[in-house]
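See below for the structure under consideration.
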Amino acid sequence: MEPLEPKRFNHKVGEIDWYCELRGSGPTIVLIPSGEGDCANFETVARALADEFTVLTFDTPGFSRSSAPPDSISALLLARQIAALVTSLDLAPATFYGCSSGGIAALSLAADHPEIVRDVIVHEAALVKDTAWPEAGRARFAQLSTLDDDSIVRTCKEWFRTGMNSNPAAWDALGPDYHRRLEKNYVTWVRHYGRASDAFPSYGRDELTRRPIAWSIGGFSEVHFAVSNLRVAQRADINVDILMCKHFPQVEIPDVLSSRIRKHAKQHLSKAEHAPQ
């Protein structure tokens, strides 16, 4: 049987007009985009999970097909915005997945909005404050921000394609429309993400134990991702798994990621959610 096309729609919550895609039926899984802000790279994972779950994906505010938020973008602000979106669509409680800055948003949802969170699955959250070299992370953003827009696009295209992906061919296969949208998104990411003081928060044991968290890092990734994620997960005695990918498992190993999300989501379903729909 051919997979059903997702329901694609815009949904306004407050000042934000969200572009959303909704698939399947059953308990909710929410897939949060990372810094590139576009949900199209979740298509394979979302399609795989839609046989048992309601799967919500979206473009983050100010990126691709969602309208712009206020001037700054941060994980805590994004978590509040996602909480408002999920609540308005009556899709709580949900399992939330995110990597990189999407992972930060997922952790912030568990810490600050536990009432809508069933569990969280995180891959290489952008824990800049907890790296061994936080100054280097801030310096990278500062250096990028000095470039003109065309140079930002050229630099980010290569960095996202090969620096953060072990499978450039899979990245390319996301298609010309996706990569055209990302050209604008790269500039938005560099110019606006990280300005707020809470853009890259840290988390303590209490915040990390409000909801169950499944954590992973990429076996092929830069060491600073591993260092920061291991350091923070250790505060709450959370095991960290190693996946054979870099920073974007939804692109590099979508079948592995969808199986991982399915497994952990099912572990935390309530008896009511286990009942046939």
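Within the chain, which complete DSSP H helices have Cα atoms spanning at least 18 Å along the helix axis and a mean Kyte-Doolittle hydropathy of 0.0 or higher?
Qualifying helices: 75-88.
Semi-axes of the equivalent ellipsoid for segment 150-258, please: Cα gyration tensor eigenvalues, times 5, square-rooted, ordered largest first, whole Å.
Over the Cα atoms of segment 150-258, the ellipsoid semi-axes are 28, 19, 12 Å.
Work through the residues other than ASP51 whose Cβ is under 11 Å from its Cβ and net out their charges, Lys, Arg +1 and Asp, Glu -1.
Counting the neighbours of ASP51, the net charge comes to +2.
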Fill in: Pair ILE242, LEU230: separation of 7 Å Cα→Cβ label points (nm)
0.9 nm
Item to complete: In whole Å, largest first, what are the principal axis extents of the Cα atoms in segment 97-192?
Response: 42, 33, 23
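May I ask which of LYS7/LYS246; LYS157/LYS184; LYS129/LYS157 have a Cα-Cα span longer than 23 Å here? Working shown, then result.
Numbers: LYS7/LYS246 30 Å; LYS157/LYS184 11 Å; LYS129/LYS157 25 Å.
Too far apart for the 23 Å limit: LYS7/LYS246; LYS129/LYS157.
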Worksheet item: Calculated FRET efficiency, ARG205 and GLU183, Cβ-Cβ r, R0 41 Å, to nearest 0.05?
Response: 0.50
Worksheet, complete the sentence: Length gained, ARG154-GLU222, 0.36 nm per residue minus C-alpha separation, equals 22.4 nm
Item to complete: Give a residue-ordered list of calculated ³J(HN,Hα) values for segment 116-121 (Karplus: 6.51 cos²θ - 1.76 cosθ + 1.60, θ = phi - 60°; whole Hz; x for Gly, Pro).
Response: 10, 9, 7, 6, 10, 10
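Can you give me the Rg/Rh ratio for the chain, using Cα atoms for both radii and the Kirkwood formula for Rh?
Details: Rg = 17.3 Å, Rh = 18.6 Å.
Ratio of gyration radius to Kirkwood radius: 0.93.
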Practice prompt. Name the residues whose placed amide hydrogens come within less than 5 Å of the amide hydrogen of THR54, ignoring near sequence neighbours (fewer than 5 apart) on the same chain.
Written response: SER25, GLY26, THR28, ILE29
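Bear in mind that the values in this text are calculations on the coordinates, not laboratory data. In this text, all values refer to a predicted model and were calculated from it rather than measured experimentally. All Cβ positions, even for glycine, are placed from backbone atoms using ideal geometry, and neighbour counts span all protein chains on display.
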